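Bear in mind that the values in this text are calculations on the coordinates, not laboratory data. These figures come from a predicted structure and were not determined experimentally. Backbone-built Cβ (ideal geometry, glycine too); neighbour counts: all protein chains shown.
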Protein chains: 4
Amino acid sequence: MIIQLEEKISEKDYLEVAEVVRAIGYKATEVKTQQGRYIVAIGTKDFDIRSVGQLAGVSDVHRVSDAYKLVSNKWKVDPTSVDLGDGVTIRTGGLSLMAGPCAIESEEQVRKILAHLVENGIQIMRGGVFKPRTSPYSFQGVGIEGLKMWHTLAREAGIKIVSEVLAVDQIETMHDYVDMYQVGARNAQNFSLLLELGRVNKPVLLKRGMSGTLEELLQSAEYIFSSGNERLLLCERGIRTFEKSYRNTLDLNAVPVLKEKSHLPVIVDPSHGIGVRRFVEPMALAGVVAGCDGLIFEIGEVPEKAYSDAQQTLDFKESADLIRKTRALKEIAL
Amino acid sequence: MIIQLEEKISEKDYLEVAEVVRAIGYKATEVKTQQGRYIVAIGTKDFDIRSVGQLAGVSDVHRVSDAYKLVSNKWKVDPTSVDLGDGVTIRTGGLSLMAGPCAIESEEQVRKILAHLVENGIQIMRGGVFKPRTSPYSFQGVGIEGLKMWHTLAREAGIKIVSEVLAVDQIETMHDYVDMYQVGARNAQNFSLLLELGRVNKPVLLKRGMSGTLEELLQSAEYIFSSGNERLLLCERGIRTFEKSYRNTLDLNAVPVLKEKSHLPVIVDPSHGIGVRRFVEPMALAGVVAGCDGLIFEIGEVPEKAYSDAQQTLDFKESADLIRKTRALKEIAL
Amino acid sequence: MIIQLEEKISEKDYLEVAEVVRAIGYKATEVKTQQGRYIVAIGTKDFDIRSVGQLAGVSDVHRVSDAYKLVSNKWKVDPTSVDLGDGVTIRTGGLSLMAGPCAIESEEQVRKILAHLVENGIQIMRGGVFKPRTSPYSFQGVGIEGLKMWHTLAREAGIKIVSEVLAVDQIETMHDYVDMYQVGARNAQNFSLLLELGRVNKPVLLKRGMSGTLEELLQSAEYIFSSGNERLLLCERGIRTFEKSYRNTLDLNAVPVLKEKSHLPVIVDPSHGIGVRRFVEPMALAGVVAGCDGLIFEIGEVPEKAYSDAQQTLDFKESADLIRKTRALKEIAL
Amino acid sequence: MIIQLEEKISEKDYLEVAEVVRAIGYKATEVKTQQGRYIVAIGTKDFDIRSVGQLAGVSDVHRVSDAYKLVSNKWKVDPTSVDLGDGVTIRTGGLSLMAGPCAIESEEQVRKILAHLVENGIQIMRGGVFKPRTSPYSFQGVGIEGLKMWHTLAREAGIKIVSEVLAVDQIETMHDYVDMYQVGARNAQNFSLLLELGRVNKPVLLKRGMSGTLEELLQSAEYIFSSGNERLLLCERGIRTFEKSYRNTLDLNAVPVLKEKSHLPVIVDPSHGIGVRRFVEPMALAGVVAGCDGLIFEIGEVPEKAYSDAQQTLDFKESADLIRKTRALKEIAL
């Protein structure tokens, strides 16, 4: 059960609502986000929902049978839009494109990619400065100094930044230089990181775990939401399967299913999803048709020279083609 | 290595070619299909390919490094078209639609579906008369008598039939009443069935195994081809994953990858692929955009009443919508 | 529900029992095996079980809630023993060892292995004469002539034969030369083959499918049993996982779970299970401790020279060690 | 390549070694642990290993072709023993038992379990105070105050503590109250946590990721080792598969394979591994026979009443039986 509270509910009224919920036999969790105030009540007993709805300070009450609550589609009438500021908004039903390198490498690289994005009307640039690598001896990213450089150039170009955060202490370090945090597949169930991201006033793009189920993804989103941050995007980025012809298996089934289960926008990452450069375009287009609200993909001037993910990075011509095609496809009314 | 032989190669010349191949240290397999004659030579030694190409009776020689040979894209210039007769052809780059019930149940059911197909310009009807069921106590299909009834009605309506074959002895039983055999996921590595289907003068639609890799699918196709039958279709129908929100996980990554690896047409089955009725349409459309050459899907007048697969069957309105949308999507030049 | 019938039940009494079952609303399947006669009744309605149990010709009635019925542990008091003749019996709680090459290759090979088996007190030899190979160009086995040779030598040595059957028509071909049929992982859901094996008077060792669940394995066993053959063994032989350090992942969890679910003996195949020679012994011993009733493993005089599965075959010294250790381990009362 | 340095190598000599390594074209990473000092050099060029081995301050040089280096078996002659103080040591080839509840709940619970451990000669108690739960609304553990209580009682009883750490900031919080940190499956690739655990003077028990490969596990161990902490244990705790009869699939194949690949002790967790109480014993015993160096399992006075993992927790009688049997089994010389 989700109890939406009035913004200015008095402390006395709040305590009474919580008391009534507990009296029914439910466990009450108070949730305060930047957008609202809720009590999430967990229990199985049947009761008259009006007994809660009529209390002072309660604006609405919703039964939500899903294991996840606040990210469920069962209570929120309007789908969530995520505002990055300056008019950049990721809207359900829209098509937000985010592109950039696997890893930020140099000023020259950043300048060239920013120019490409501006030229193609893309408003959000992706890029890693802290890289999660299987081996401790692999390139770990340029770190915070690289992020500052990137931030300065991106601001000049009017482009927003999304970048992966690996650790709680990086949240503050990165805070003034990113417009959206990204949580990668390996941290999809790093609950302490998720909780901390709930306390931040920036949107979060949350990737599905490498072998994670959709329910696990939604529960991880619930961690962030219930900790205070409603501005969330869900991202399908490929799962592990037995197939060896591709790096991962982009699971486009997740798109319509997540759209049905949750009010959060759904983004597709075809670059990690299939992991093979020449197949990124068909999978991206298929993702658009399957109903995603945005794409995030890897580009570079000379993909072959990238420090990482070279084999799945599009060059600028391929990127421009993909952008044009996704937009054309999105406009078609079937 | 694939050695294409001239149709009228003399026995003497044939023996010499085979002898030369063996002398190089390769194992030679003779393949005669309805369309051509080949020697498939397996080995690893390096040699001058011209020494074979110049022999009498040899029309062409191709190095094929893939584990599968005759179904590989590495030797055949033109993609394969599969002719079902009467002008019904499944073409690479086309969009062949096949629809019908999970299982044939009654004459009335067949008549209604045929009428729906004719009305919507669909030329091929799918349907099972021998059903592979996990439990021996589940409905096993109407059998050969049902197939004969269906065949009579389909002929009258000018519609072709594709139906699953479960056993070698059914090949002959079904022969005069089907236009294409289907091999299901559970028989994807039933090699004796595949070999026998190589000796039949009817096309075969071969489904990927439930946890099968693409290489295994192509090797299974190689069994049929090398046993004599070139008229083959590959079908992606969903793989087993950990996700519980859908019955299977339709793997659309397989579409562009199979198209690159093989000259055979690639069909997508969104009904088994995701297994949830309301998600069949987005997955079908995504499959078209990913580049498939056809779709096979389940329909019924009142899906809720079907003996099997009720939860993934489209009704006639949903079917007509899907057909219209796939065609509109196919015509778009991005 | 399983209704055990008296051996000499009259036709009239039988028809009445079937009629009563149908009147309750259950679907009745008649099963006649070499050991008994049953009606398997499928339905969900509640009813007084005594109304069936008191009918003439009924010896016992059992509720079985599992999806599989006759192979379930819920009705059969005594675990199944499988008799191969001449005093060779695979007993629940015993430790039946079966060893031999992946593929039968030559008379010399067979003689040496038979001598090794006799020397070590092993009564059953495994070996393939029809080999299921992913590629049609790989060695497909020596066929029926090789089986006849093997059979002659094995009879002389007093050793029983278990060998894989790939196709319905091989059942009869092989019949006089094997003591037990084996169904491989790729045919675990080849239902027409399973049904036909139900009509044969020889035991069947049924392997789990490559990504098959235990319920699927038990349902496949149910196909054979309900078709007439009760002499069945279940075999765990490794499943497909993401791990690349071993060929398959031997799933020993299956051993205690299958033992609880079914009355059939459970055999472990550590050779295919892990697929790495030096790890076959620890996995075999772990299987014994986990509670299996037998082992089937691959041996050869010079494993490196085997036509197939060389990397998982034990030499005679390793085999003798393994045999000794498994027996020592089995005798320990913890 | 791993270059072992003399403990008292001069700064000048160190710089020269690093310079020589770089001159060969290798990337050098300096590693200082509580036990030793190393340069890990990554590169592919061939060179004369003596050119490095003869440098001043170098005690030994080893080629290590594995992707992981310091945790590899290829360079370290003696297997690692992990000392928890007060004579409690986890030895390769030994059998260290660790038992306790899923979650610490109360003083009474802790006292009873400690008494059971003392009675059965167990030296290490497991228990969670910070619980990683899929849902944010589930019980999250008693936290640091519970840990302090547990620590006091355990010290009195002479029992060591291993407990899961979920976040970097918990490392310091927990430091004085645990004898070993545990990293759970969900954090198996939480690299920032791993790096931080490398800087701590306490052993770490590292669990395999839910769908993680053995190479990923070893690389995660490499993160901790190369960050400074050599006192590591690897733990197999079940992987995700398609089987629904058990919670996870305990992969005992990992035991002999990890023992071969690494010098670190290997622990088996049969409780999470199979997740079904009555099957914990056979899987634990099978793990011992497969060669593990220790077991970690869940116990409770009344398992049915545990806040979490009730279905996989042994009661004290089952625990005592298991302890007795594992020890008896370990003593057998086969």
Other residues with Cβ under 12 Å from the Cβ of B:V20 give, with Lys and Arg +1 and Asp and Glu -1, a net charge of -2
Looking along the axis that carries chain C onto chain B, the residue of C whose Cβ comes nearest, with distance in whole Å, is C:S211, 2
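Averaging the inverse of every distinct alpha carbon separation and then flipping it gives the Kirkwood radius. What is it for segment A:2-62, in angstrom units?
Computed over Cα pairs of segment A:2-62, the Kirkwood hydrodynamic radius comes out at 11.4 Å.
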Among B:K131/C:K69; D:K74/D:K131; C:K317/D:K207; B:K32/C:K202, the pairs whose Cα-Cα distance exceeds 32 Å are D:K74/D:K131; C:K317/D:K207; B:K32/C:K202
With one decimal in nm and the nearest listed first, the spacings from D:D176 to its own position in the other copies, using label points 7 Å along Cα-to-Cβ, are 3.5, 8.7, 9.2
In debye to the nearest 20, the charge dipole size for chain B, taken about the Cα centre with +1 at each Lys and Arg Cβ and -1 at each Asp and Glu Cβ, equals 540 debye
Inter-copy distances for A:G158, nm, shortest first, label points 7 Å along Cα→Cβ, are 5.8, 7.6, 9.4
Sorted largest first, the Cα spans of segment C:168-208 on the principal axes come out in Å as 25, 16, 14
Straight-line reach check, B:K27, cutoff 15 Å on alpha carbons, 8 or more apart in-chain or any other chain, hits among aspartates and glutamates -> B:E16, B:E19, B:D46
For D:A103, the residues 5 or more places away or on another chain with a placed amide H closer than 5 Å to its own amide H are D:G128, D:S308
Final fewest-first order of B:S65, C:S163 on the 10 Å Cβ neighbour count is B:S65, C:S163
The answer for A:I239, listing residues at least 5 apart or on another chain whose modeled amide H is closer than 5 Å to its amide H, is A:T249, A:L250, A:D251
Once phi for every residue in segment B:55-66 is put through the Karplus expression 6.51 cos²θ - 1.76 cosθ + 1.60 (θ = phi - 60°), the whole-Hz ³J(HN,Hα) values, with Gly and Pro written as x, are 5, 5, x, 9, 8, 6, 9, 9, 7, 10, 7, 5
Of the candidates C:G146, C:G287, C:V61, the farthest towards the positive dipole end of chain C (Lys/Arg Cβ +1, Asp/Glu Cβ -1, centred on the Cα centre) is C:G287
Dividing the alpha-carbon radius of gyration of chain A by 2.2 N^0.38 Å, where N counts its residues, gives 1.04
Interchain or sequence-distant (5+) residues whose placed amide H lies within less than 5 Å of the amide H of D:L97 are D:Q123, D:L295
Plugging the Cβ-Cβ distance of C:D66 and B:E119 into 1/(1 + (r/R0)^6) at R0 = 56 Å yields, to the nearest 0.05, a FRET efficiency of 0.80
Semi-axes a, b, c in Å (a largest) for segment A:25-140, each sqrt of 5 times a Cα gyration tensor eigenvalue, come to 44, 20, 12
Under a Gaussian network model of chain A whose springs join Cα atoms within less than 10 Å, the largest fluctuation of A:V110, A:V118, A:V200 belongs to A:V118
Reduced to Cα centres, the span from segment A:17-74 to segment D:134-183 in Å works out to 32 Å
With R₀ set to 22 angstrom, the calculated FRET efficiency between the beta-carbons of D:I144 and D:N201, to the nearest 0.05, is 0.70
The size of the Cβ-based charge dipole (Lys, Arg +1; Asp, Glu -1) of the protein assembly as shown about the Cα centre, to the nearest 20 debye, is 0 debye
Checking rank on C:148-155, C:187-194, B:304-311, with mean other Cβ inside 10 Å and highest first, the result is C:187-194, C:148-155, B:304-311
Dividing the mean separation of Cα pairs under 8 Å (6+ apart) by the residue count of chain D yields a relative contact order in percent of 17 percent
Mean Cβ-within-10 Å packing, highest first, puts peptides C:213-223, C:66-76 in the order C:213-223, C:66-76
The ³J(HN,Hα) series, computed from each phi in segment A:123-128 with the Karplus coefficients 6.51, -1.76 and 1.60 at θ = phi - 60°, rounded to the nearest Hz and given as x for glycine or proline, is 9, 10, 10, 9, x, x
Rounded to the nearest 500, the 222 nm mean residue ellipticity computed for chain C from DSSP H runs (n ≥ 4, each -39500 (n - 2.57)) alone is -10500 deg cm²/dmol
Here D for the protein assembly as shown, in µm²/s, from Stokes-Einstein with a Kirkwood Rh over Cα pairs at 25 °C and 0.890 mPa s, works out to 72 µm²/s
With x for Gly and Pro, the residue-by-residue ³J(HN,Hα) of segment C:316-329, computed from phi through the Karplus equation 6.51 cos²θ - 1.76 cosθ + 1.60 at θ = phi - 60° and given in whole Hz, is 5, 5, 4, 5, 4, 4, 4, 4, 4, 5, 4, 5, 4, 5
So, relative contact order of segment A:2-62 in percent, Cα under 8 Å, 6 or more apart, is 49 percent
Per-residue average of other protein chain Cβ atoms inside 10 Å, peptide B:190-201 -> 4
Output field shielding_mean for C:279-287 (other chain Cβ, 10 Å radius) holds 6
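Peptide A:90-101: average number of partner chain Cβ atoms within 10 Å per residue?
Average neighbour count from other chains, rounded to a whole number: 0.
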Sorting from shortest, the nanometre distances separating the label point of B:S106 (7 Å past Cα along the line to Cβ) from those of the same residue in the other copies are 6.3, 6.6, 7.5
Cα-based Debye curve of segment C:82-200 sampled at q = 0.09, 0.11, 0.13 Å⁻¹ gives log₁₀ I(q)/I(0) of -0.24, -0.36, -0.51
Here the relative contact order (percent) of segment A:211-316, from C-alpha pairs under 8 Å and at least 6 apart, is 22 percent
